[in-house]
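Have a look at the structure below, then the notes.
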Amino acid sequence: MITDLRQEYSISMLCEVLDLPRSTYYHQEQKKAGDQALRDEIEKVIARWPTYGYRRVTAQLKREGHAVGETRVRRLLEELEHTSQVGKVRFSTTDSRHDHPRYPNLIKKLEITHVNQVWVADITYIRLGRRFIYLAVILDAYSRAIRGWHLSLSLDKQLSIKALQMALAHHPAPQYHHSDQGGQYASPKYTDLLPETTRISMSAVGRPMENGIVERFIRTFKEEHIDYSEYKDFADAYSQIAYWLEVEYMTERIHSALDYLTPAEFEDQLVQATLTLP
């Protein structure tokens, strides 16, 4: 709470109102910062050696000069949902442990009949050398068209916010915005960008298929682009991913659900049909 309000009020005032010693607040902030820095280093280790368990990750971190214990490394690996199973590297991009408001799934039985009725949003990770980068994407559930996206070196709230800002800058706001319950989407800094006319919907914790449209998009993105691509650096990754999203996916890849049209063609036909109405 203090973190969200400290831009408007002094930390001293907030600590006094909440009856929290300032020393406790600063200690908690330092611990969070320390965990984030160590989490970044752990990501680099398991990106290079995905089969490492917590003991070997700890040993490698110590070899690199980090003073860290197995208990802390194991906790952070669990937060990343890392498994040492051969061939599996999995990070959770959803952190549902937050104090922000939560919303029910409003689209579970909703008939989706037109564009900008429902937008669906999600985040995925992409390997870049020995680390990971993160993509936030927003799709129109009816046309499957990309409404907004953002690629970042870090998994923070600005990642989803910038994708939403892109979407709202170029398209009418949807009637429903649907996502998982991650803090990136539940934060008031994100939800306040949506107008009052947009109803917020979220899938239940641990039920990714309640956000199935964007989940299928991410699977397609990885199978058709990521699995066949190599990036020299972040700039190269950004350029290649932008081309796939905005050109190949939007204007070249046909969808069976769209009567074998591309998302751009499908939306163009809808516009033309509207213009020809009496």
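The values are calculated or read from the model by the stated rules, or taken from the named source; none is laboratory data. Model, not experiment: these values are computed from the prediction. Note: ideal-geometry Cβ built from the backbone for every residue, glycine included; neighbour counts use all protein chains shown. Remember, those area values only see protein heavy atoms, side chains included, never the ligands or the DNA or RNA. Shrake-Rupley method; radii C 1.70, N 1.55, O 1.52, S 1.80 Å.
Might you let me know whether the range 242-262 holds any residue that is within 19 Å of the chain's Cα centre (by Cα) and farther than 26 Å from TYR176 by Cβ?
Taking every residue of the range 242-262 in turn, at least one turns out to be within 19 Å of the chain's Cα centre (by Cα) and farther than 26 Å from TYR176 by Cβ.
Determine whether ALA242 is closer than 29 Å to LEU153 by Cβ and surrounded by 11 or more Cβ atoms within 10 Å (Cβ to Cβ).
Details: closer than 29 Å to LEU153 by Cβ: yes; surrounded by 11 or more Cβ atoms within 10 Å (Cβ to Cβ): yes.
Here the answer is yes, as ALA242 does meet what is asked.
How about the range 150-160: which of its residues are buried (at least 19 other Cβ atoms within 10 Å of the Cβ) and without any contact (Cβ under 8 Å) to a residue 60 or more places away in the chain?
Initially, the range 150-160 is screened for residues buried (at least 19 other Cβ atoms within 10 Å of the Cβ), giving 150-151, 155, 159-160.
Passing the criteria: HIS150, LEU159, SER160.
Report yes if some residue within the range 115-134 is of a type in the set (D, E, K, R), at pLDDT below 90, within 16 Å of TYR190 (Cα to Cα) and touching a helix residue (DSSP H, G or I) at 6+ places or on another chain (Cβ under 8 Å); otherwise report no.
No, every residue in the range 115-134 fails to be of a type in the set (D, E, K, R), at pLDDT below 90, within 16 Å of TYR190 (Cα to Cα) and touching a helix residue (DSSP H, G or I) at 6+ places or on another chain (Cβ under 8 Å).
Exactly one condition in (1) free of Cβ contacts under 8 Å to residues at least 60 places away in the same chain; (2) open to solvent by 70 Å² or more (accessible area, probe 1.4 Å) is not met by ALA273; state its number.
(2)
Using the structure shown, decide if TYR231 is among the hydroxyl-bearing types (Ser, Thr, Tyr), open to solvent by 30 Å² or more (accessible area, probe 1.4 Å) and either on the phi > 0 side of the Ramachandran plot or modelled with pLDDT of 90 or more (or both).
Values: among the hydroxyl-bearing types (Ser, Thr, Tyr): yes; open to solvent by 30 Å² or more (accessible area, probe 1.4 Å): yes; either on the phi > 0 side of the Ramachandran plot or modelled with pLDDT of 90 or more (or both): yes.
Taking the combined requirement at face value, the residue satisfies it.
Given the criterion open to solvent by less than 50 Å² (accessible area, probe 1.4 Å) and under 12 Å from the mean Cα position of the chain (by Cα), identify the matching residue among ALA145, ALA121, ALA167. Steps first, answer last, please.
Numbers: ALA145 fails: under 12 Å from the mean Cα position of the chain (by Cα); ALA167 fails: under 12 Å from the mean Cα position of the chain (by Cα).
Exactly one residue qualifies, and that residue is ALA121.
Looking at LYS222, LYS189, which is the one that is in contact (Cβ under 8 Å) with a residue 60 or more places away in the chain, within 22 Å of LEU164 (Cβ to Cβ) and surrounded by fewer than 17 Cβ atoms within 10 Å (Cβ to Cβ)? I'd like the intermediate steps shown before the answer.
Details: LYS222 fails: within 22 Å of LEU164 (Cβ to Cβ).
Among LYS222, LYS189, only LYS189 is in contact (Cβ under 8 Å) with a residue 60 or more places away in the chain, within 22 Å of LEU164 (Cβ to Cβ) and surrounded by fewer than 17 Cβ atoms within 10 Å (Cβ to Cβ).
Considering each of ARG144, ARG102 in turn, give the residue that is assigned to a loop (DSSP other than H, G, I, E, B), under 14 Å from GLY182 (Cβ atoms), out of contact with any Gly (no Cβ under 6 Å at 6 or more places or on another chain) and of a type in the set (D, E, K, R).
Numbers: ARG144 fails: under 14 Å from GLY182 (Cβ atoms).
Sole residue among the options that is assigned to a loop (DSSP other than H, G, I, E, B), under 14 Å from GLY182 (Cβ atoms), out of contact with any Gly (no Cβ under 6 Å at 6 or more places or on another chain) and of a type in the set (D, E, K, R): ARG102.
Within the range 174-186, which residues are out of contact with any Pro (no Cβ under 8 Å at 6 or more places or on another chain) and either open to solvent by less than 20 Å² (accessible area, probe 1.4 Å) or modelled with pLDDT under 95 (or both)? Write out each step before concluding.
Step one: of the range 174-186, the residues out of contact with any Pro (no Cβ under 8 Å at 6 or more places or on another chain) are 174-179, 181-185.
Passing the criteria: PRO174, HIS177, HIS178, SER179, GLN181, GLY182, GLY183, GLN184, TYR185.
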